[in-house]
Amino acid sequence: MRVTTLFPSSEIFGVKLVNGHPTQAVITVENNEDDSVFIEIVGGTLTNDQAGQIVRNLTSTTYNLEVVAGAKDSLTYSFSTELHPQDLRLQLIAILTKGKKGFFTVSAYNETVSVVEAPVSIFDPQMYAT
């Protein structure tokens, strides 16, 4: 079983979570097992690297997507943030099932990301609200 995650809108300098804008992660599961697996749920957390504290739990999404033996399939997981700009560790977890063997979890992503403010434009009407 191989799980990889890409962020289509990421930059060369890493993944940036823009406050107020959805972040999309494309999670690909490559099933090299003998049986089908089902991607049941994807969720995650944002943690402070230094203190190890959970800063934000991310919403879990249910998929129930079957990946047959020898195949690979992708899904999109979206979430948004409203946090102070900072560097945090993003941990995404996928919960899978395989036949009657029950649930098991796999790490889909576990790296440091940057939370940033949305760029400001002079054409934004909220700039002129009083």
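The values are calculated or read from the model by the stated rules, or taken from the named source; none is laboratory data. Just so we're clear, the structure is a prediction, and the values are computed from it rather than from any experiment. Counting neighbours? That spans all protein chains shown, and the Cβs are built from the backbone with ideal geometry, glycine included.
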request  = Could you check, for segment 49-62, whether at least one of its residues is under 13 Å from the mean Cα position of the chain (by Cα) and among the basic types (Lys, Arg)?
outcome  = yes
note = When every residue in segment 41-54 that is without any contact (Cβ under 8 Å) to a residue 60 or more places away in the chain and touching a Ser or Thr at 6+ places or on another chain (Cβ under 6 Å) is compared, the one nearest to Ile95 (Cα to Cα) is Ile41
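Residues checked against (1) among the charged types (D, E, K, R); (2) exposed (fewer than 11 other Cβ atoms within 10 Å of the Cβ); (3) at pLDDT below 95:
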position	(1), (2), (3)
Gln91	no, no, no
Ala94	no, no, no
Gly102	no, yes, yes
Tyr109	no, no, no
Val115	no, no, no
Pro119	no, yes, yes
Asp124	yes, no, yes
Thr130	no, yes, yes
query = Under the condition of being more than 14 Å from Glu111 (Cα to Cα) and in contact with a strand residue (DSSP E or B) (Cβ under 8 Å, 6 or more places away or on another chain), which residue from segment 9-24 is surrounded by the most Cβ atoms within 10 Å (Cβ to Cβ)?
reply = Thr23
query = Looking at (1) more than 16 Å from Thr5 (Cβ to Cβ); (2) surrounded by 13 or more Cβ atoms within 10 Å (Cβ to Cβ), can you tell me which one Asp49 breaks?
reply = (2)
Selection count where residues are in contact with a strand residue (DSSP E or B) (Cβ under 7 Å, 6 or more places away or on another chain) and farther than 16 Å from Thr105 by Cα, scope segment 38-56 = 8
Odd one out for Leu17 among (1) assigned to a strand (DSSP E or B); (2) closer than 26 Å to Thr97 by Cβ = (2)
note = When every residue in segment 25-40 that is loosely packed, with under 15 Cβ neighbours inside 10 Å and not acidic (Asp, Glu) is compared, the one modelled with the highest pLDDT is Val26
